[in-house]
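Written out below as C-alpha coordinates is the structure these notes cover.
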Amino acid sequence: MLSVANVTMRFGTPADGVTAVDDVSFDIRPGEFVSIIGPSGCGKSTLFNIVAGLQPATSGQVSVEGAAVRGPHPAVGTVFQEESCFPWRSVIDNVAFPLELAGMPRGERHDQARHFIELVGLRGFERRLPSELSGGMRQRVCIARTLAAKPRLLLMDEPFAALDEQTRLLLGDKVLQIQQTLRQTTLLITHSITEAVQLSDRVLVMTYRPGRLKRFVTIDLPRPRTAEVVTSPEFGAAVASLWADLREEASRGMAEAGG
Amino acid sequence: MRRIAPLFGLLAICLLIVLLQFAIGAGIVDEYTVPRPTAIAAALPRLLAEEGILTRFLTTVAETFAAGAAATLVGTGLGAALYRWPLMRRSFEPWVAVLAAAPLVLAYPLFLVLFGRSSSTVVVIAFASALPPVVLQTVAGFSAVRPVLLAVGRSFGLGRAAEFRRVLLPAALPSVFTGLRLALMFGLINVVGVEFLINLGGLGALINDLSERYDLPGTWAAIGFVVLVSVSLFTVLDGGERWLQRRR
(Lines give C-alpha, C1' and ligand atoms only; values in the text may rest on other atoms or scores of the structure.)
Protein backbone atom coordinates (compact mmCIF):
# COMPACT_ATOMS: atom_id res chain seq x y z
CA MET A 1 0.00 0.00 0.00
CA LEU A 2 2.51 2.59 1.24
CA SER A 3 6.20 2.01 0.87
CA VAL A 4 8.79 4.38 2.31
CA ALA A 5 12.28 3.45 1.18
CA ASN A 6 15.50 5.00 2.54
CA VAL A 7 13.93 8.46 2.92
CA THR A 8 16.37 11.13 4.11
CA MET A 9 15.66 14.81 4.57
CA ARG A 10 18.36 17.38 5.17
CA PHE A 11 17.84 21.09 5.72
CA GLY A 12 20.49 23.74 5.13
CA THR A 13 23.84 23.41 3.39
CA PRO A 14 25.74 20.08 3.24
CA ALA A 15 28.47 21.58 5.45
CA ASP A 16 26.20 23.20 8.00
CA GLY A 17 22.86 21.43 7.89
CA VAL A 18 20.46 19.41 9.97
CA THR A 19 19.37 15.91 9.11
CA ALA A 20 15.71 15.83 10.11
CA VAL A 21 14.93 12.35 8.80
CA ASP A 22 17.67 9.80 8.29
CA ASP A 23 17.27 6.73 6.10
CA VAL A 24 13.75 5.77 7.14
CA SER A 25 12.13 2.73 5.53
CA PHE A 26 8.85 1.01 6.30
CA ASP A 27 5.76 -0.43 4.63
CA ILE A 28 2.08 -0.30 5.47
CA ARG A 29 -0.26 -3.07 4.40
CA PRO A 30 -3.81 -2.37 3.16
CA GLY A 31 -6.27 -1.89 6.03
CA GLU A 32 -3.51 -1.47 8.58
CA PHE A 33 -3.40 1.28 11.21
CA VAL A 34 0.17 2.38 11.87
CA SER A 35 1.35 5.14 14.20
CA ILE A 36 4.67 6.91 14.16
CA ILE A 37 5.67 8.10 17.59
CA GLY A 38 8.68 10.09 18.68
CA PRO A 39 9.77 13.00 20.84
CA SER A 40 9.25 16.61 19.71
CA GLY A 41 11.75 17.56 17.05
CA CYS A 42 12.35 14.01 15.79
CA GLY A 43 11.22 14.83 12.27
CA LYS A 44 7.75 13.25 12.45
CA SER A 45 6.06 16.18 10.77
CA THR A 46 8.77 16.37 8.10
CA LEU A 47 8.19 12.70 7.35
CA PHE A 48 4.45 13.41 7.21
CA ASN A 49 4.97 16.21 4.67
CA ILE A 50 7.14 13.94 2.53
CA VAL A 51 4.64 11.08 2.56
CA ALA A 52 1.80 13.55 1.82
CA GLY A 53 3.77 14.83 -1.18
CA LEU A 54 3.87 18.36 0.22
CA GLN A 55 7.66 18.39 0.45
CA PRO A 56 10.21 16.44 -1.62
CA ALA A 57 12.74 14.30 0.27
CA THR A 58 16.46 14.89 -0.15
CA SER A 59 16.83 11.23 -1.10
CA GLY A 60 14.87 8.00 -0.99
CA GLN A 61 11.46 7.16 -2.36
CA VAL A 62 7.84 7.10 -1.22
CA SER A 63 5.34 5.12 -3.24
CA VAL A 64 1.63 4.55 -2.85
CA GLU A 65 0.19 1.48 -4.52
CA GLY A 66 3.42 1.14 -6.47
CA ALA A 67 3.36 4.69 -7.87
CA ALA A 68 6.06 7.12 -6.72
CA VAL A 69 4.79 10.14 -4.77
CA ARG A 70 6.08 13.35 -6.38
CA GLY A 71 3.38 15.73 -5.19
CA PRO A 72 0.00 15.50 -3.49
CA HIS A 73 -1.37 12.12 -4.52
CA PRO A 74 -5.11 11.54 -5.06
CA ALA A 75 -4.89 8.22 -3.20
CA VAL A 76 -3.56 9.96 -0.09
CA GLY A 77 -5.82 11.98 2.22
CA THR A 78 -4.30 14.29 4.79
CA VAL A 79 -5.59 15.57 8.13
CA PHE A 80 -3.41 18.31 9.55
CA GLN A 81 -2.41 18.99 13.12
CA GLU A 82 -3.84 22.47 12.98
CA GLU A 83 -7.60 22.70 12.61
CA SER A 84 -8.13 23.47 8.94
CA CYS A 85 -11.85 23.88 8.17
CA PHE A 86 -12.61 26.59 5.64
CA PRO A 87 -14.29 29.15 7.91
CA TRP A 88 -16.51 30.54 5.12
CA ARG A 89 -18.03 27.16 4.28
CA SER A 90 -20.73 25.38 6.25
CA VAL A 91 -19.97 21.92 7.63
CA ILE A 92 -21.60 20.21 4.65
CA ASP A 93 -19.80 22.40 2.11
CA ASN A 94 -16.50 21.81 3.88
CA VAL A 95 -16.99 18.06 3.73
CA ALA A 96 -18.20 18.23 0.12
CA PHE A 97 -15.15 20.30 -0.94
CA PRO A 98 -13.15 17.47 -2.58
CA LEU A 99 -16.31 16.24 -4.32
CA GLU A 100 -16.95 19.75 -5.63
CA LEU A 101 -13.41 19.79 -7.03
CA ALA A 102 -14.16 16.50 -8.74
CA GLY A 103 -17.10 18.21 -10.47
CA MET A 104 -19.84 16.23 -8.74
CA PRO A 105 -23.31 17.86 -8.93
CA ARG A 106 -24.47 19.63 -5.77
CA GLY A 107 -27.23 17.22 -4.76
CA GLU A 108 -25.08 14.16 -5.13
CA ARG A 109 -22.07 15.61 -3.33
CA HIS A 110 -24.27 16.77 -0.45
CA ASP A 111 -25.72 13.27 -0.14
CA GLN A 112 -22.24 11.82 0.05
CA ALA A 113 -21.06 14.52 2.44
CA ARG A 114 -24.01 13.74 4.75
CA HIS A 115 -22.83 10.14 4.94
CA PHE A 116 -19.38 11.21 6.16
CA ILE A 117 -20.81 13.83 8.51
CA GLU A 118 -22.86 11.07 10.09
CA LEU A 119 -19.79 8.84 10.25
CA VAL A 120 -17.92 11.40 12.36
CA GLY A 121 -21.01 11.94 14.52
CA LEU A 122 -21.96 15.45 13.42
CA ARG A 123 -25.45 14.82 12.12
CA GLY A 124 -27.63 17.88 12.63
CA PHE A 125 -24.68 20.28 12.25
CA GLU A 126 -24.62 20.28 8.43
CA ARG A 127 -25.57 23.93 8.05
CA ARG A 128 -23.41 25.27 10.87
CA LEU A 129 -20.31 27.33 10.23
CA PRO A 130 -17.02 26.13 11.76
CA SER A 131 -17.00 29.14 14.10
CA GLU A 132 -20.14 27.72 15.72
CA LEU A 133 -18.44 24.41 16.56
CA SER A 134 -16.00 23.29 19.26
CA GLY A 135 -12.37 22.46 18.43
CA GLY A 136 -13.04 18.71 18.54
CA MET A 137 -16.05 19.06 16.24
CA ARG A 138 -14.04 21.14 13.77
CA GLN A 139 -11.30 18.52 13.67
CA ARG A 140 -14.00 15.90 12.96
CA VAL A 141 -15.22 18.05 10.05
CA CYS A 142 -11.65 18.01 8.69
CA ILE A 143 -11.49 14.24 9.06
CA ALA A 144 -14.84 13.87 7.26
CA ARG A 145 -13.66 16.19 4.49
CA THR A 146 -10.54 14.10 3.97
CA LEU A 147 -12.53 10.84 4.05
CA ALA A 148 -15.02 12.24 1.50
CA ALA A 149 -12.25 12.19 -1.10
CA LYS A 150 -12.12 8.42 -0.46
CA PRO A 151 -8.37 8.23 0.03
CA ARG A 152 -6.83 4.78 0.01
CA LEU A 153 -4.30 5.96 2.57
CA LEU A 154 -5.33 8.32 5.38
CA LEU A 155 -2.50 10.40 6.83
CA MET A 156 -3.04 12.20 10.12
CA ASP A 157 -0.50 14.53 11.70
CA GLU A 158 -1.27 14.76 15.43
CA PRO A 159 -4.89 15.60 14.66
CA PHE A 160 -5.86 15.63 18.33
CA ALA A 161 -2.84 17.57 19.61
CA ALA A 162 -4.78 20.75 20.28
CA LEU A 163 -7.66 19.03 22.11
CA ASP A 164 -8.23 18.22 25.76
CA GLU A 165 -7.68 14.69 27.09
CA GLN A 166 -11.35 13.62 27.24
CA THR A 167 -12.02 14.82 23.71
CA ARG A 168 -8.86 13.07 22.53
CA LEU A 169 -10.00 9.72 23.93
CA LEU A 170 -13.50 10.05 22.52
CA LEU A 171 -12.19 11.17 19.13
CA GLY A 172 -9.80 8.24 19.21
CA ASP A 173 -12.88 6.04 19.66
CA LYS A 174 -14.47 7.71 16.67
CA VAL A 175 -11.41 7.21 14.50
CA LEU A 176 -11.28 3.54 15.48
CA GLN A 177 -14.93 3.13 14.66
CA ILE A 178 -14.39 4.77 11.26
CA GLN A 179 -11.38 2.61 10.64
CA GLN A 180 -13.43 -0.50 11.42
CA THR A 181 -16.26 0.65 9.14
CA LEU A 182 -14.14 1.69 6.17
CA ARG A 183 -11.16 -0.63 6.73
CA GLN A 184 -9.21 2.54 6.11
CA THR A 185 -5.45 2.22 5.81
CA THR A 186 -4.14 4.88 8.16
CA LEU A 187 -0.80 6.40 9.11
CA LEU A 188 -1.01 8.50 12.29
CA ILE A 189 1.75 10.78 13.49
CA THR A 190 1.52 11.36 17.22
CA HIS A 191 3.51 12.08 20.33
CA SER A 192 0.90 10.49 22.59
CA ILE A 193 1.79 6.94 23.64
CA THR A 194 -1.73 6.10 24.80
CA GLU A 195 -3.18 7.33 21.54
CA ALA A 196 -0.72 5.23 19.55
CA VAL A 197 -1.46 2.09 21.60
CA GLN A 198 -5.23 2.64 21.61
CA LEU A 199 -5.46 3.00 17.83
CA SER A 200 -2.67 1.10 16.15
CA ASP A 201 -1.87 -2.32 14.79
CA ARG A 202 1.78 -1.32 14.75
CA VAL A 203 3.73 1.55 16.25
CA LEU A 204 6.99 2.85 14.79
CA VAL A 205 9.22 4.54 17.35
CA MET A 206 11.52 7.27 16.03
CA THR A 207 14.77 8.48 17.56
CA TYR A 208 15.48 12.09 18.47
CA ARG A 209 17.46 14.00 15.85
CA PRO A 210 18.35 12.73 13.37
CA GLY A 211 14.99 10.98 13.06
CA ARG A 212 15.64 7.28 12.50
CA LEU A 213 13.38 4.30 13.03
CA LYS A 214 14.23 2.83 16.39
CA ARG A 215 11.76 -0.01 16.72
CA PHE A 216 8.55 -1.51 15.37
CA VAL A 217 6.08 -2.55 18.04
CA THR A 218 3.10 -4.73 17.20
CA ILE A 219 0.07 -3.96 19.38
CA ASP A 220 -1.75 -7.20 20.04
CA LEU A 221 -4.79 -5.80 21.82
CA PRO A 222 -8.05 -7.31 20.56
CA ARG A 223 -10.31 -5.30 18.26
CA PRO A 224 -12.76 -3.62 18.25
CA ARG A 225 -11.15 -1.39 20.85
CA THR A 226 -12.81 1.45 22.70
CA ALA A 227 -11.62 4.08 25.14
CA GLU A 228 -12.14 1.42 27.85
CA VAL A 229 -9.18 -0.53 26.55
CA VAL A 230 -6.93 1.96 28.34
CA THR A 231 -7.77 0.29 31.67
CA SER A 232 -6.62 -3.21 30.64
CA PRO A 233 -3.26 -4.62 31.88
CA GLU A 234 -2.18 -5.42 28.31
CA PHE A 235 -2.64 -1.78 27.40
CA GLY A 236 -0.53 -0.76 30.37
CA ALA A 237 2.21 -3.19 29.37
CA ALA A 238 2.30 -1.88 25.79
CA VAL A 239 2.43 1.73 27.01
CA ALA A 240 5.24 0.90 29.46
CA SER A 241 7.28 -0.81 26.76
CA LEU A 242 6.91 2.14 24.38
CA TRP A 243 7.67 4.63 27.14
CA ALA A 244 10.94 2.82 27.89
CA ASP A 245 11.96 3.44 24.28
CA LEU A 246 10.71 6.97 24.14
CA ARG A 247 12.04 8.10 27.49
CA GLU A 248 15.58 7.61 26.29
CA GLU A 249 14.92 9.66 23.13
CA ALA A 250 12.96 12.39 24.84
CA SER A 251 15.67 12.82 27.51
CA ARG A 252 18.26 13.10 24.78
CA GLY A 253 16.08 15.75 23.11
CA MET A 254 15.70 17.69 26.34
CA ALA A 255 19.43 17.52 27.06
CA GLU A 256 20.30 18.80 23.57
CA ALA A 257 17.71 21.54 23.73
CA GLY A 258 19.20 22.58 27.09
CA GLY A 259 15.89 21.89 28.86
CA MET B 1 -31.05 45.07 22.88
CA ARG B 2 -29.77 44.91 19.29
CA ARG B 3 -32.92 46.62 18.03
CA ILE B 4 -32.99 49.24 20.73
CA ALA B 5 -29.40 50.42 20.17
CA PRO B 6 -29.85 52.07 16.72
CA LEU B 7 -33.14 53.57 17.89
CA PHE B 8 -31.39 55.00 20.91
CA GLY B 9 -28.70 56.51 18.65
CA LEU B 10 -31.30 58.10 16.40
CA LEU B 11 -33.16 59.45 19.42
CA ALA B 12 -29.96 61.07 20.72
CA ILE B 13 -29.41 62.83 17.36
CA CYS B 14 -33.03 64.08 17.36
CA LEU B 15 -32.56 65.34 20.91
CA LEU B 16 -29.42 67.24 19.88
CA ILE B 17 -31.31 68.85 17.00
CA VAL B 18 -34.15 69.88 19.33
CA LEU B 19 -31.60 71.28 21.82
CA LEU B 20 -29.93 73.25 19.01
CA GLN B 21 -33.30 74.68 18.00
CA PHE B 22 -33.88 75.90 21.56
CA ALA B 23 -30.31 77.15 21.95
CA ILE B 24 -30.69 79.30 18.83
CA GLY B 25 -34.11 80.47 19.97
CA ALA B 26 -32.64 81.45 23.36
CA GLY B 27 -29.78 83.32 21.66
CA ILE B 28 -27.05 80.98 23.03
CA VAL B 29 -26.01 80.04 19.48
CA ASP B 30 -25.80 82.78 16.84
CA GLU B 31 -28.46 82.29 14.15
CA TYR B 32 -26.19 83.80 11.48
CA THR B 33 -23.64 81.03 12.07
CA VAL B 34 -26.00 78.08 12.47
CA PRO B 35 -29.54 78.43 11.16
CA ARG B 36 -32.43 76.87 13.07
CA PRO B 37 -32.94 73.15 12.25
CA THR B 38 -36.52 74.01 11.20
CA ALA B 39 -35.15 76.52 8.67
CA ILE B 40 -32.69 73.95 7.37
CA ALA B 41 -35.50 71.42 6.92
CA ALA B 42 -37.60 74.07 5.19
CA ALA B 43 -34.78 74.70 2.69
CA LEU B 44 -34.75 71.11 1.45
CA PRO B 45 -37.80 71.34 -0.88
CA ARG B 46 -36.21 74.45 -2.42
CA LEU B 47 -33.00 72.53 -3.09
CA LEU B 48 -35.04 69.82 -4.78
CA ALA B 49 -37.13 72.17 -6.90
CA GLU B 50 -34.72 75.01 -7.75
CA GLU B 51 -31.17 73.83 -7.21
CA GLY B 52 -31.42 70.44 -8.96
CA ILE B 53 -29.98 68.60 -5.96
CA LEU B 54 -31.03 65.19 -7.36
CA THR B 55 -29.08 65.68 -10.60
CA ARG B 56 -26.10 66.86 -8.55
CA PHE B 57 -26.50 63.81 -6.32
CA LEU B 58 -26.37 61.54 -9.37
CA THR B 59 -23.23 63.29 -10.62
CA THR B 60 -21.53 62.84 -7.24
CA VAL B 61 -22.60 59.20 -6.99
CA ALA B 62 -21.44 58.46 -10.55
CA GLU B 63 -18.03 60.08 -9.90
CA THR B 64 -17.70 58.20 -6.60
CA PHE B 65 -18.52 54.85 -8.19
CA ALA B 66 -16.19 55.49 -11.12
CA ALA B 67 -13.34 56.25 -8.69
CA GLY B 68 -14.32 53.36 -6.38
CA ALA B 69 -14.59 50.83 -9.22
CA ALA B 70 -11.23 51.86 -10.68
CA ALA B 71 -9.62 51.73 -7.21
CA THR B 72 -11.12 48.26 -6.64
CA LEU B 73 -9.84 46.87 -9.92
CA VAL B 74 -6.39 48.41 -9.75
CA GLY B 75 -6.06 48.09 -5.96
CA THR B 76 -6.91 44.39 -5.67
CA GLY B 77 -4.60 43.68 -8.63
CA LEU B 78 -1.75 45.64 -7.06
CA GLY B 79 -2.48 44.08 -3.66
CA ALA B 80 -2.35 40.59 -5.13
CA ALA B 81 0.92 41.44 -6.89
CA LEU B 82 2.50 42.78 -3.68
CA TYR B 83 1.43 39.58 -1.91
CA ARG B 84 2.78 37.39 -4.69
CA TRP B 85 6.21 39.08 -4.91
CA PRO B 86 7.58 39.72 -1.40
CA LEU B 87 10.44 41.91 -2.69
CA MET B 88 7.91 44.20 -4.36
CA ARG B 89 5.91 44.24 -1.15
CA ARG B 90 8.89 45.21 0.99
CA SER B 91 9.80 47.92 -1.51
CA PHE B 92 6.41 49.50 -2.07
CA GLU B 93 4.08 48.77 0.84
CA PRO B 94 5.54 51.55 3.05
CA TRP B 95 5.03 54.04 0.22
CA VAL B 96 1.44 52.95 -0.24
CA ALA B 97 0.94 53.45 3.49
CA VAL B 98 2.44 56.95 3.20
CA LEU B 99 0.09 57.68 0.31
CA ALA B 100 -2.85 56.49 2.43
CA ALA B 101 -1.97 59.02 5.12
CA ALA B 102 -1.31 61.93 2.74
CA PRO B 103 -3.97 64.65 2.26
CA LEU B 104 -3.90 64.19 -1.52
CA VAL B 105 -6.74 66.64 -1.98
CA LEU B 106 -4.29 69.48 -1.27
CA ALA B 107 -2.52 68.64 -4.53
CA TYR B 108 -5.66 69.54 -6.49
CA PRO B 109 -4.03 72.41 -8.42
CA LEU B 110 -1.58 69.92 -9.91
CA PHE B 111 -4.44 67.67 -10.99
CA LEU B 112 -6.25 70.71 -12.41
CA VAL B 113 -3.23 71.43 -14.59
CA LEU B 114 -3.03 67.80 -15.69
CA PHE B 115 -6.72 67.07 -16.28
CA GLY B 116 -8.35 70.48 -16.60
CA ARG B 117 -11.37 71.74 -14.68
CA SER B 118 -13.45 68.68 -15.44
CA SER B 119 -15.02 65.59 -13.95
CA SER B 120 -11.76 63.76 -14.74
CA THR B 121 -9.92 65.79 -12.10
CA VAL B 122 -12.56 64.94 -9.50
CA VAL B 123 -12.49 61.23 -10.35
CA VAL B 124 -8.69 60.99 -10.54
CA ILE B 125 -8.15 62.61 -7.13
CA ALA B 126 -10.87 60.43 -5.58
CA PHE B 127 -9.30 57.36 -7.23
CA ALA B 128 -5.85 58.24 -5.88
CA SER B 129 -7.26 58.58 -2.36
CA ALA B 130 -9.34 55.40 -2.60
CA LEU B 131 -6.52 53.24 -3.97
CA PRO B 132 -4.19 52.85 -0.94
CA PRO B 133 -6.74 51.31 1.45
CA VAL B 134 -7.71 48.72 -1.18
CA VAL B 135 -4.07 47.79 -1.81
CA LEU B 136 -3.20 47.62 1.90
CA GLN B 137 -6.30 45.65 2.89
CA THR B 138 -5.83 43.22 0.00
CA VAL B 139 -2.20 42.50 0.93
CA ALA B 140 -3.13 42.18 4.59
CA GLY B 141 -6.04 39.87 3.74
CA PHE B 142 -3.96 37.52 1.59
CA SER B 143 -1.08 37.49 4.06
CA ALA B 144 -3.36 36.61 6.97
CA VAL B 145 -4.63 33.43 5.27
CA ARG B 146 -3.53 30.57 7.52
CA PRO B 147 -0.87 28.45 5.75
CA VAL B 148 -2.67 25.26 6.75
CA LEU B 149 -5.65 26.26 4.55
CA LEU B 150 -3.29 26.53 1.59
CA ALA B 151 -1.78 23.16 2.54
CA VAL B 152 -5.29 21.66 2.51
CA GLY B 153 -5.82 23.08 -0.98
CA ARG B 154 -2.53 21.63 -2.17
CA SER B 155 -3.27 18.26 -0.57
CA PHE B 156 -6.43 18.14 -2.70
CA GLY B 157 -4.29 18.88 -5.76
CA LEU B 158 -5.30 22.51 -6.36
CA GLY B 159 -3.16 24.39 -8.89
CA ARG B 160 -2.24 28.07 -8.51
CA ALA B 161 -5.36 29.47 -10.18
CA ALA B 162 -7.75 27.16 -8.31
CA GLU B 163 -5.94 27.85 -5.05
CA PHE B 164 -6.45 31.56 -5.59
CA ARG B 165 -10.14 31.22 -6.43
CA ARG B 166 -11.11 28.56 -3.88
CA VAL B 167 -8.88 29.29 -0.89
CA LEU B 168 -6.98 32.60 -1.00
CA LEU B 169 -9.73 34.86 -2.26
CA PRO B 170 -12.60 33.62 -0.07
CA ALA B 171 -10.31 33.57 2.97
CA ALA B 172 -9.13 37.12 2.32
CA LEU B 173 -12.53 38.47 1.31
CA PRO B 174 -13.53 40.10 4.62
CA SER B 175 -10.31 42.12 4.64
CA VAL B 176 -10.55 42.95 0.93
CA PHE B 177 -14.12 44.11 1.44
CA THR B 178 -13.06 46.38 4.29
CA GLY B 179 -10.66 47.95 1.77
CA LEU B 180 -13.48 48.43 -0.75
CA ARG B 181 -15.68 50.01 1.88
CA LEU B 182 -12.91 52.42 2.87
CA ALA B 183 -12.27 53.11 -0.82
CA LEU B 184 -15.86 54.16 -1.45
CA MET B 185 -15.96 56.30 1.69
CA PHE B 186 -12.64 58.01 0.87
CA GLY B 187 -13.85 58.31 -2.72
CA LEU B 188 -17.06 60.05 -1.68
CA ILE B 189 -15.28 62.43 0.72
CA ASN B 190 -12.76 63.40 -1.94
CA VAL B 191 -15.33 63.73 -4.72
CA VAL B 192 -17.42 66.14 -2.63
CA GLY B 193 -14.28 67.95 -1.42
CA VAL B 194 -12.82 68.48 -4.89
CA GLU B 195 -16.23 69.44 -6.32
CA PHE B 196 -16.34 72.07 -3.59
CA LEU B 197 -12.79 73.28 -4.24
CA ILE B 198 -13.08 73.61 -8.02
CA ASN B 199 -16.80 74.45 -7.90
CA LEU B 200 -17.74 71.88 -10.49
CA GLY B 201 -20.30 69.11 -10.79
CA GLY B 202 -22.24 67.54 -7.95
CA LEU B 203 -23.10 68.11 -4.31
CA GLY B 204 -19.75 69.69 -3.38
CA ALA B 205 -20.21 72.39 -6.02
CA LEU B 206 -23.78 72.97 -4.80
CA ILE B 207 -22.56 73.53 -1.23
CA ASN B 208 -19.92 75.95 -2.57
CA ASP B 209 -22.57 77.74 -4.61
CA LEU B 210 -25.04 78.09 -1.75
CA SER B 211 -22.40 79.31 0.70
CA GLU B 212 -21.14 81.88 -1.84
CA ARG B 213 -24.71 83.17 -1.99
CA TYR B 214 -24.78 83.17 1.80
CA ASP B 215 -27.79 80.84 1.71
CA LEU B 216 -27.03 79.35 5.11
CA PRO B 217 -30.13 77.15 5.54
CA GLY B 218 -29.56 75.88 1.98
CA THR B 219 -25.85 75.20 2.68
CA TRP B 220 -26.63 73.30 5.87
CA ALA B 221 -29.43 71.36 4.17
CA ALA B 222 -27.03 70.35 1.38
CA ILE B 223 -24.41 69.28 3.93
CA GLY B 224 -27.09 67.26 5.72
CA PHE B 225 -27.98 65.70 2.39
CA VAL B 226 -24.33 64.65 1.83
CA VAL B 227 -24.30 63.05 5.29
CA LEU B 228 -27.48 61.15 4.38
CA VAL B 229 -25.86 59.99 1.13
CA SER B 230 -22.78 58.69 2.93
CA VAL B 231 -24.90 56.94 5.58
CA SER B 232 -26.95 55.26 2.82
CA LEU B 233 -23.80 54.27 0.97
CA PHE B 234 -22.43 52.76 4.16
CA THR B 235 -25.64 50.81 4.76
CA VAL B 236 -25.73 49.49 1.19
CA LEU B 237 -22.08 48.39 1.42
CA ASP B 238 -22.71 46.70 4.73
CA GLY B 239 -25.61 44.75 3.25
CA GLY B 240 -23.53 43.92 0.16
CA GLU B 241 -20.71 42.63 2.32
CA ARG B 242 -23.00 40.36 4.33
CA TRP B 243 -24.56 39.04 1.12
CA LEU B 244 -21.13 38.28 -0.29
CA GLN B 245 -20.01 36.60 2.93
CA ARG B 246 -22.87 34.16 2.63
CA ARG B 247 -22.11 33.34 -0.99
CA ARG B 248 -18.32 33.04 -1.07
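Here residue A:45 clears all of (1) away from chain B (no Cβ under 14 Å); (2) touching a residue at least 60 places away in the same chain (Cβ under 8 Å) except the condition numbered (1). Look through the stretch A:222-254, keep the residues that are within 20 Å of the chain's Cα centre (by Cα) and assigned to a loop (DSSP other than H, G, I, E, B), and return whichever of them is surrounded by the most Cβ atoms within 10 Å (Cβ to Cβ). Per the stated criteria, the residue is A:225.
Restricted to the stretch A:80-96, and to residues there that are at the interface with another protein chain (Cβ under 9 Å from one of its Cβ atoms) and out of contact with any helix residue (DSSP H, G or I) (no Cβ under 6 Å at 6 or more places or on another chain), the residue that is nearest to residue A:191 (Cα to Cα) is A:81. Among residues of the stretch A:234-253 that are without any contact (Cβ under 8 Å) to a residue 24 or more places away in the chain, those with a Cβ under 9 angstrom from a residue that is in a helix (DSSP H, G or I) and of a type outside the set (Asp, Glu), sequence gap 6+ or separate chain, pair up as A:236/A:230. Under the condition of being among the hydroxyl-bearing types (Ser, Thr, Tyr) and within 27 Å of residue A:172 (Cβ to Cβ), which residue from the stretch A:1-40 is least open to solvent (accessible area, probe 1.4 Å)? The residue in question is A:35. Condition check for residue A:57 on (1) crowded, with 18+ Cβ neighbours inside 10 Å; (2) within 14 Å of chain B (Cβ to nearest Cβ): one failure, at (2).
Among strands (runs of 3 or more DSSP E) entirely within the stretch A:6-86, having at least 3 residues that are modelled with pLDDT under 90 and not aliphatic (A, V, I, L, M) singles out A:17-28.
Between A:194, A:185, A:167, A:146, which is farther than 28 Å from residue A:53 by Cβ and touching a Gly at 6+ places or on another chain (Cβ under 7 Å)?
Details: A:194 fails: touching a Gly at 6+ places or on another chain (Cβ under 7 Å); A:185 fails: farther than 28 Å from residue A:53 by Cβ; A:146 fails: farther than 28 Å from residue A:53 by Cβ.
After applying the criteria, what remains is A:167.
Taken over the stretch A:61-79, the residue count meeting the criterion of being open to solvent by less than 20 Å² (accessible area, probe 1.4 Å) and under 13 Å from residue A:185 (Cβ atoms) is 4. Selection over the stretch A:207-241 of residues that are modelled with pLDDT of 85 or more, aliphatic (A, V, I, L, M) and more than 19 Å from residue A:32 (Cα to Cα) gives a count of 3.
Can you find, within the stretch B:186-206, the residue that is farthest from residue B:108 (Cα to Cα) among those that are surrounded by fewer than 24 Cβ atoms within 10 Å (Cβ to Cβ) and among the β-branched types (Val, Ile, Thr)? Checked the stretch B:186-206; the qualifying residue farthest from residue B:108 (Cα to Cα) is B:189. Select from the stretch B:109-134 the residues that are part of a helix (DSSP H, G or I) and open to solvent by 60 Å² or more (accessible area, probe 1.4 Å) and write down the one among them that is nearest to residue B:61 (Cα to Cα). Checked the stretch B:109-134; the qualifying residue nearest to residue B:61 (Cα to Cα) is B:115.
Figure legend. Inter-residue proximity from the stretch B:209-235: first residues open to solvent by 80 Å² or more (accessible area, probe 1.4 Å), second residues assigned to a helix (DSSP H, G or I), beta-carbon distance below 6 Å, spacing 6+ or different chains. Indicated pairs: B:220/B:40. Within the stretch B:74-96, the residues that satisfy the criterion of being of a type in the set (A, V, I, L, M) and either at pLDDT 95 or above or surrounded by 13 or more Cβ atoms within 10 Å (Cβ to Cβ) (or both) are B:74, B:78, B:80, B:81, B:82, B:88, B:96.
The values are calculated or read from the model by the stated rules, or taken from the named source; none is laboratory data. What you are looking at is a predicted structure, and each value in this text was computed from that prediction instead of being measured. Every residue, glycine among them, receives a Cβ derived from its backbone with ideal geometry; neighbour counts consider all protein chains shown. What goes into the accessible areas is simple: the full protein's heavy atoms, side chains included, and nothing from ligands, DNA or RNA. Shrake-Rupley method; radii C 1.70, N 1.55, O 1.52, S 1.80 Å.
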